[in-house]
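> Okay, handing you the structure first.
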Amino acid sequence: MESNLMWDMKEFAEAAGATVDELGAYVDDSQHGVPPVLRRRPPRELADKLGLARWIREGGMTPEAYRHFLRDYLDEGTRLHHPAYLGHQTAAPYFPAALADFVHGAINNPMAIYEMGASAATVEFEVLRWMLATVGFGETGGGVLTHGGSLANLTALLAARAHVAPDAWTDGVPGDLVLLAPPSAHYSVTRAAAILGMGEKAVLPLDVDGLGRIDVAALPAALDRARRLGRRVMAVVAGACATSSGLYDDLRGIGEVCARHGVWLHVDGAHGASALLSERHRHLLDGIELADSVIWDAHKMLRTAGLAAAVLTRRESDLDAAFRQQASYLFYGDQGFDLVGRTVECTKAGLGLKIFLNLAWLGEKGMGDFVARQYDTAHRFWELGRDRPGFDFPYEPETNIVCFRYGTADQAAVRERLMDDGSFHLTSAEIGGVRHLRVTVMAPATDDTTLEALLTKIAEA
């Protein structure tokens with residue numbers, strides 16, 4: 001019986017081969033736009049098609065049965081490599097990152113404890129050193145990779161809390177702490193405030209311009225207003241870029257104000273920090289080195305699969321102060337190479353390998369060229385659409401995100417019609433309180449033909 005619980009190498013090789021075959025065909029078809037970009041079969045119907053209940057009860061899957069299951073599974077999903085995928089900020093992963101997930105799935109080294117995954121931890125250290133240098137934090141900064149931007153924002157704000165209220169870990173959160181953030185800030189910022197025990201009402205909205213960017217001239221008054229109310233500003237949160245519009249806040253202006261007032265600046269660079277790799281676009285992040293903390297997602301513009309997000313602090317000691325925990329079975333001896341003291345997670349995947357392998361294949365320049373290409377394609381969409389009758393673009397895009405409206409119809413309804421037939425996947429967002437359609441250029445296969453077809457399809461719908 002025991003032998004049946006060990007790997008059957010022949011069966012593994014057959015199933016792995018089937019996986020490579022099916023995934024290769026899936027990505028190739030997707031990149032060429034052959035099938036619909038998405039299908040939205042009802043869950044119960046899909047569960048029956050995949051035979052989920054039977055497989056759970058009975059088991060007995062073979063490599064050949066697995067091949068058929070995988071083919072159906074892939075056919076019913078959303079194809080992020082498809083040229084018509086213009087939806088959420090989720091990468092069409094490059095194949096080296098997929099190899100990293102395959103490796104981790106087999107070896108399962110939870111590397112937050114160095115002795116459990118020395119290779120994975122060392123790769124993460126070097127990837128973080130590269131990211132710290134790219135942001136401008138250099139040798140004095142600290143970092144860790146987490147499972148996603150929401151955890152990354154939470155971790156960075158824990159570091160901010162430890163800086164402002166060092167006794168909060170043991171004594172509880174002081175009731176006078178507030179966060180200042182623009183209304184366009186990612187929802188995970190408000191969620192983090194609630195998790196931290198501050199409450200949603202502790203997130204005070206900053207004055208912004210008509211496109212949702214922080215009004216730097218009004219920032220000193222906002223800081224003074226908080227102080228007059230008897231509140232301590234734990235951090236100012238800036239966007240690089242805003243999730244909804246793809247527009248960057250003025251990081252240098254905000255950073256200089258925060259430095260003068262002694263306030264922690266946190267930059268949510270989950271999506272837009274990758275522009276640091278493009279010579280033509282890194283100016284959009286001018287002043288990011290003035291931040292006290294930055295987050296940067298690899299599963300957006302660095303072409304890795306989810307999840308891999310970096311938390312970077314200008315001073316390493318600030319990140320080390322975020323968590324103060326004791327556990328006799330973990331925290332003993334030399335902790336110099338352990339990352340468990342910097343993360344919510346204890347069992348943490350080897351996330352650095354995904355980023356490293358993409359860089360090992362493409363290099364910094366190749367990755368920067370990809371970012372520039374996606375930004376340029378979004379700008380091209382703006383160029384193609386701005387002169388078409390009925391289309392309205394409220395701003396010239398800075399990134400690969402473009403918001404626009406067509407006519408006076410319900411924009412959400414227009415989106416649903418496009419999604420129903422699987423021809424295009426896009427999202428929507430509010431700009432100045434008005435609902436817009438939203439395109440995010442993520443797939444390398446998206447080109448002028450795709451963009452023209454989308455504009456035509458919207459006009460016809």
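> Where a Cα-Cα gap under 12 Å defines reach, which aspartates and glutamates qualify for Lys348, not counting those fewer than 8 residues away within the same chain?
Partners found: Glu124, Asp338.
> Out of the total accessible area of the chain (probe 1.4 Å, heavy atoms of protein only), what percent is carbon and sulfur?
54 percent
> Just report the Cα centroid separation between region 385-461 and region 350-384, whole Å.
Between the Cα centres of region 385-461 and region 350-384 lies a distance of 22 Å.
> Same structure again: What whole-number value in Å² describes the accessible area per residue of region 252-298 for a 1.4 Å probe?
I get 31 Å² per residue for this part.
> Apply the Karplus parameterisation 6.51 cos²θ - 1.76 cosθ + 1.60, with θ equal to phi minus 60°, to every residue of region 190-207 and state each ³J(HN,Hα) to the nearest whole Hz, in sequence, with x for glycine and proline.
Each residue's phi maps through the Karplus curve to give 5, 4, 4, 4, 5, 5, 6, x, 7, x, 4, 5, 7, 9, 9, x, 8, 5 Hz.
> Sticking with this structure for a sec: So how far, in whole Å, is the C-alpha centre of region 255-325 from the one of region 166-210?
18 Å
> Related question: Per residue, what accessible area does region 27-109 have, given a 1.4 Å probe and all protein chains present, in Å²?
Value returned for region 27-109: 57 Å² of accessible area per residue.
> Residue-wise, which Karplus ³J(HN,Hα) couplings in Hz belong to region 9-16, taking 6.51 cos²θ - 1.76 cosθ + 1.60, θ = phi - 60°, and x for glycine or proline?
Couplings: 5, 5, 5, 4, 4, 5, 5, 5 Hz.
> Restrict the search to region 1-61; then list the trypsin sites (Lys or Arg not before Pro) that DSSP places in a loop and that have at most 13 other Cβ atoms within 10 Å of their Cβ.
Arg39, Arg40
> Please give the per residue accessible area of region 333-434, computed with a probe of 1.4 Å over protein heavy atoms only, in Å².
The answer is 43 Å² per residue.
> Once you have a ≥ b ≥ c as the square roots of the Cα gyration tensor eigenvalues for region 204-320, tell me rounded if a/c is under 1.5, and otherwise prolate or oblate according to whether a/b is larger than b/c.
Prolate is the answer for region 204-320, as a/c is 1.5 or above and a/b outweighs b/c.
> Moving to a separate point now. Quick check on region 299-447: what are the equivalent-ellipsoid semi-axes from the Cα gyration tensor, as sqrt(5λ), descending, whole Å?
Equivalent ellipsoid of region 299-447: 42, 19, 15 Å, largest first.
> Which lysines, on any chain, are close to Lys354 with Cα under 30 Å apart, when same-chain ones fewer than 8 places away are left out?
Lys10, Lys300, Lys365
> Report the dimensions of the chain along its three principal axes from the alpha-carbon atoms, largest first, rounded to Å.
68, 67, 41
> Moving on. I'd like to compare 14-23, 75-84: which one has the highest average count of other Cβ atoms within 10 Å, and what's the full order after that?
75-84, 14-23
> If each of Cys346 and Ile195 carries a label point 7 Å out from its Cα toward its Cβ, how far apart are those two points in nm?
1.7 nm
> Show that you can apply the helix-only estimate: for the chain, add -39,500 (n - 2.57) for every DSSP H stretch of four or more residues, divide by all residues, and state [θ] at 222 nm to the nearest 500.
When only DSSP H runs of four or more count, the value is -13500 deg cm²/dmol.
The values are calculated or read from the model by the stated rules, or taken from the named source; none is laboratory data. What you are looking at is a predicted structure, and each value in this text was computed from that prediction instead of being measured. Please note: Cβ atoms are built from the backbone with ideal geometry, for glycine as well, and neighbour counts cover all protein chains shown. With ligands, DNA and RNA removed, areas are computed over all heavy atoms of the protein, side chains included. Shrake-Rupley method; radii C 1.70, N 1.55, O 1.52, S 1.80 Å.
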